[in-house]
Amino acid sequence: MKSRLLIVGAGFAGAVLARELAETNRYELRVIDSRSHVAGNCHTERDPGTGIMMHCYGPHIFHTDNAQVWAYVNRFAEFMPFVNRVKAFTRGELFRLPVNLHTINQFFNKQMSPAEARLYIESLAEHFDHPPENFEEQALHMIGRDLYDAFFYGYTKKQWGCEPAELPAGILKRLPLRFTDDDNYYADPWQGIPKSGYTHLVERILDHSAIDCALDTPFTPDMASLADHVFFTGPLDGYFDHCFGRLGYRTVYWARHQHRGDYQGNPVVNYPDLSVPYTRIHEHKHFAPWENHEATVVMTEYSKETQKGDTPYYPKRLPADMQKLQRYRALALTQGGVSFLGRLGTYRYMDMHHVIAESLQFAQTFAAADAGQTSLPVFPNQELSQ
Ligand code: UDP
């Protein structure tokens, strides 16, 4: 008889895991989600009034340097070419991100060559007697005080709700610094947006005879007794009723407006100035430039601390959070019968492609351990810092 597995969460982590395990032909999978749609925070749906494909929980641009992951998503959806070109409005001017030659010349009102700009930025970079230990040190070391203050300090303080010096340096390492005019926000070889949206893509991944998917179905502990194993992709601290306290997350919320024509001429404009209460504005029809719409829908994004009932988005990973995370992980390892994965289950700042790669790998690890009757993996990652 096939083992019965319960997967909590129908985002990328849960859906990819379900599909991979279904294809082994050894399991029956039940995937549940408390929301009324699959795809988690990647969910897209057409705005009923305008027909525009909305990224309902904020912009999602798929990018990866992993050929296996790119082939995997293209198996389930048609991807349209898309290059994310983000702008930042700061000090009364519109600049191109990520910080590149054009940005540097515009900001300092110079006409430097790539080599001159590199030397100039090196002359502005701050040096410490230790490797950069936090976001602020990383930024000052990379681009110096002036660019940091204009593009990063205010934005990061608004988005994360704390001093950038309290945040891990790794957050900034997500963004490239370029001495060419290339303003592609990502440095990955593959980038695109699924033509029919992310929800359709995840529905296709889940479309397998061994997978049964139930929406509007929150997890309750009694469900575990009906399954041979549970995979939990919701918040790790939530699984344990926050017994060691809440892990810190930022959440985002939006003011949604509809206009005629074009509102800002670009998918995303960031607002780093602290005097502006929001962090960015996204205009969703520009995420589908292959479509034509007379009207436009924009979302102005604000950020706040996650309270009970809010959707968690960005794991803060402050030192106090990491201590709690260690306790939750230790507790998880004592449970038996349950594994944790995904952004929320492992409390890491992961992109879609990271989550998919890890679920593909975890399915293999789990199936091999199960077949060999060795101990089943509890987390996909060994290191807290990953
Ligand atoms: N960031 C910033 N200014 C910007 C854009 C990004 O300070 O205009 C910082 C901010 O702290 C953010 C981090 O860089 O959390 C990573 O940015 P990314 O665009 O990767 O964030 P995401 O797309 O996940 O919201």
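The values are calculated or read from the model by the stated rules, or taken from the named source; none is laboratory data. Note that this is a predicted model, so its numbers are computed, not measured. Note: ideal-geometry Cβ built from the backbone for every residue, glycine included; neighbour counts use all protein chains shown. SASA here: full protein model, heavy atoms, side chains in, ligands and nucleic acids out. Shrake-Rupley method; radii C 1.70, N 1.55, O 1.52, S 1.80 Å.
Only residues that are touching a residue at least 40 places away in the same chain (Cβ under 8 Å) and either open to solvent by less than 10 Å² (accessible area, probe 1.4 Å) or under 18 Å from the mean Cα position of the chain (by Cα) (or both) were counted in region 46-60, giving 7. The residues of region 88-131 that are within 24 Å of residue 165 (Cβ to Cβ), open to solvent by 40 Å² or more (accessible area, probe 1.4 Å) and not hydroxyl-bearing (Ser, Thr, Tyr), listed by number, are 91, 107, 122, 124, 126, 127, 128, 129, 130, 131. Comparison of 75, 19, 85, 30 shows that the only residue that is open to solvent by 20 Å² or more (accessible area, probe 1.4 Å) and part of a strand (DSSP E or B) is 30. Under 7 Å by Cβ, and 6 or more places apart or on different chains, what pairs join a residue from region 146-157 that is over 9 Å from residue 273 (Cα atoms) with one that is more than 8 Å from the ligand (Cβ to nearest atom) and among the acidic types (Asp, Glu)? Note: pairs meeting the criteria are 157/163.
With the structure loaded, tell me whether residue 292 is without any contact (Cβ under 8 Å) to a residue 60 or more places away in the chain and either assigned to a loop (DSSP other than H, G, I, E, B) or closer than 21 Å to residue 352 by Cβ (or both) or whether it fails that test. Spelling it out, residue 292 is indeed without any contact (Cβ under 8 Å) to a residue 60 or more places away in the chain and either assigned to a loop (DSSP other than H, G, I, E, B) or closer than 21 Å to residue 352 by Cβ (or both).
For beta carbons closer than 7 Å, sequence separation of 6+ or different chains, a first residue in region 185-211 that is on the phi > 0 side of the Ramachandran plot and a second that is buried (at least 18 other Cβ atoms within 10 Å of the Cβ) and among the hydroxyl-bearing types (Ser, Thr, Tyr), the qualifying pairs are 197/44. Taking (1) over 17 Å from residue 180 (Cβ atoms); (2) within 16 Å of the ligand (Cβ to nearest atom); (3) open to solvent by 20 Å² or more (accessible area, probe 1.4 Å) in turn, residue 35 satisfies each apart from (2). Looking at (1) open to solvent by 60 Å² or more (accessible area, probe 1.4 Å); (2) within 15 Å of the ligand (Cβ to nearest atom), which one does residue 383 not meet, given that it meets all the others? Going through (1) open to solvent by 60 Å² or more (accessible area, probe 1.4 Å); (2) within 15 Å of the ligand (Cβ to nearest atom) one by one, residue 383 breaks only (2). Residues in region 253-286 that are assigned to a loop (DSSP other than H, G, I, E, B) and farther than 24 Å from residue 154 by Cβ were compared, and the one that is most open to solvent (accessible area, probe 1.4 Å) is 262.
Beta carbons closer than 8 Å, at least 6 apart along the sequence or on distinct chains, pair a first residue in region 372-386 that is at pLDDT 75 or above with a second that is of a type in the set (A, V, I, L, M) and surrounded by 15 or more Cβ atoms within 10 Å (Cβ to Cβ) for 378/332; 378/338; 379/332; 379/341; 380/341. Within the group 156, 199, which residue is away from the ligand (no atom under 16 Å from the Cβ) and polar (S, T, N, Q)? Of the residues listed, the single one that is away from the ligand (no atom under 16 Å from the Cβ) and polar (S, T, N, Q) is 199.
Being at pLDDT 95 or above, within 25 Å of residue 184 (Cα to Cα), within 13 Å of the ligand (Cβ to nearest atom) and not aliphatic (A, V, I, L, M) is a description that applies to residue 301. Hey, does region 306-323 have a residue that's in contact (Cβ under 8 Å) with a residue 24 or more places away in the chain, in contact with a Phe, Trp or Tyr (Cβ under 6 Å, 6 or more places away or on another chain) and either over 24 Å from residue 41 (Cα atoms) or part of a loop (DSSP other than H, G, I, E, B) (or both)? Yes, there is a match, as at least one residue in region 306-323 is in contact (Cβ under 8 Å) with a residue 24 or more places away in the chain, in contact with a Phe, Trp or Tyr (Cβ under 6 Å, 6 or more places away or on another chain) and either over 24 Å from residue 41 (Cα atoms) or part of a loop (DSSP other than H, G, I, E, B) (or both).
Name the single residue that is nearest to the ligand (Cβ to nearest atom) among those in region 93-112 being aliphatic (A, V, I, L, M) and out of contact with any Leu (no Cβ under 9 Å at 6 or more places or on another chain). Ranking the candidates gives 94 first.
Close contacts from region 345-366, counting a first residue that is farther than 20 Å from residue 28 by Cβ and of a type outside the set (Phe, Trp, Tyr) and a second that is assigned to a helix (DSSP H, G or I) and within 16 Å of the ligand (Cβ to nearest atom), with Cβ to Cβ under 6 Å and a gap of 6+ residues or different chains, come to 350/343; 352/12; 355/12; 355/342; 356/12.
When 313, 349 are checked against the criterion of being surrounded by fewer than 18 Cβ atoms within 10 Å (Cβ to Cβ) and within 29 Å of residue 188 (Cβ to Cβ), a single residue qualifies: 349. If only residues of region 147-197 that are touching a strand residue (DSSP E or B) at 6+ places or on another chain (Cβ under 9 Å) and among the basic types (Lys, Arg) are counted, the one that is surrounded by the fewest Cβ atoms within 10 Å (Cβ to Cβ) is 195. For region 137-145, the criterion of being modelled with pLDDT under 95 and either aliphatic (A, V, I, L, M) or within 15 Å of the ligand (Cβ to nearest atom) (or both) is met by none of the residues.
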